[in-house]
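Note sheet for the following structure.
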Amino acid sequence: MRSVRVKMKRKSGILAVSLLAFSLVAGGVGVSANEPVNYVQNPGFEDSNSNAWVFQDISGAATINGNNTHAGSKALNYWLGSPFEFTVSQTITGLPDGRYSVSASVEGGGGESEAQLFAKDFGGAELTSDYTNTGWAVWSQPQITHINVVNGQCTIGFHIKGNSGNWGSMDDVVLTRIGELETDAVPLTINPIEVDAFVHDVPSLPSVIKAVYADDQSAIRTPVQWEAMDSSTFASPGTFTVQGSAEGFGQPVTATVHVTYKPIDLNGDSVVNALDLAWATYALHAHIGDAKWDEVKAADINNDGVIDQADLGLIVAGMVSAP
Ligand SMILES: [Ca+2]
Ligand SMILES: [Ca+2]
Ligand SMILES: [Ca+2]
């Protein structure tokens, strides 16, 4: 009897502390006591009939069920035997202005084209934490900590673009207020932008670039305008750089373009030899506009619209230098 009484006392003590934390935040003081408020509804997916989470999932890959839970008896799980894409999100309103953090526990087999925790619609550019699952029950905690809420709301969720057979799960989503709005600019790093192009083809530069926060590795994506490229810069093999300006960045961004001839292994057997030369010789004198051009254009190694001695010469050069 005594132990029961002690337990009840302790429980009511915890309740009192969390109510205090809630009333302080709700009152606009912005100070949380020991237990920060988690603003997410149904954060551990324990209620599978909850309307709190909105599914945009045409393929039906995602479900709340009892597989692979991080805590409790349910989690958000996904699997499909064909390529799929879905978003599961929740819009939270009534948030006091301030800086917030969102995190979740995730695991899975990996291999997705995209696996993201995201935060958006809070008055700033969408933020993502792009994560990689590394195995069954190997839980990791992606986190986004630069959510500066200025409009009283935030939409958080997961976006998964999966390949056939990909699977994973998410659980224990936490959105907490971690401080006042950030006033100082936080440095962002733009990952090197590398672009490959064949000679004479206009290099395809990205229209949006990704910039990453050093501390939590979360990222924003922002449109970029590139300076015009003179066609002479990609008329021969080599490397050159292009400058661009990205929204919200004081300094220019740089893309490095690697220009190469087209592959000389024409029959795709990983060896450059007389068979490839014969292939190109068969197509000799063909030029752009010919009926069979699409069929033979791979032999236009220097990509100038005609198959001639220059292309044969490049293949021979590759044969000579082959091990
Ligand atoms: Ca759970
Ligand atoms: Ca070959
Ligand atoms: Ca050519």
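Bear in mind that the values in this text are calculations on the coordinates, not laboratory data. For clarity, every value in this text was computed on a predicted model and none was experimentally measured. Neighbour counts are summed over all protein chains in view; Cβ atoms, including those assigned to glycine, are modelled from backbone coordinates with ideal geometry.
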Whole-Å distance, taken between Cα centres, linking segment 269-323 and segment 173-191: 54 Å
Charge tally in the Cβ shell below 15 Å around Leu314, where Lys, Arg are +1 and Asp, Glu are -1, Leu314 excluded: -4
Rg over Rh [alpha-carbon atoms, Kirkwood Rh] for segment 38-179: 0.95
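With +1 on the Cβ of every Lys and Arg and -1 on the Cβ of every Asp and Glu, and nothing else charged, how large is the dipole of the chain about its Cα centre, in debye rounded to the nearest 20?
Rounded to the nearest 20 debye, it is 2240 debye.
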Packing-based exposure ordering (other Cβ within 10 Å, fewest first) of Glu227, Glu126: Glu227, Glu126
Separation in nanometres of the label points that stand 7 Å from Cα toward Cβ, at Gln217 and Glu247: 2.7 nm
Among the listed pairs Lys74/Lys161; Lys161/Lys262; Lys262/Lys292, those beyond 26 Å (Cα-Cα): Lys161/Lys262
Separation of alpha-carbon centers, segment 134-148 and segment 44-120, rounded to whole Å: 12 Å
Listed residues Ala71, Phe55, Gly123: farthest to the positive end of the dipole of segment 38-179 (Cβ charges): Gly123
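For Ser218, Ser236, Ser270, Ser103, which order do you get if you count the other beta carbons within 10 Å of each Cβ and list the fewest first?
Lowest count first: Ser270, Ser236, Ser103, Ser218.
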For the chain, the fraction of alpha-carbon pairs in successive 20 Å shells from zero, as %: 24, 40, 26, 8, 1
Fewest-first ranking of Thr256, Thr69, using other Cβ atoms within 10 Å as the exposure measure: Thr256, Thr69
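Normalising by the residue count of the chain, find the relative contact order in percent from Cα pairs under 8 Å and 6+ residues apart.
Relative CO of the chain lands at 13 percent.
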Pair Asp290, Glu126: separation of 7 Å Cα→Cβ label points (nm): 4.6 nm
Net +/- balance of residues flanking Asn38 in space, Cβ distance below 14 Å, scoring K and R +1, D and E -1: -3
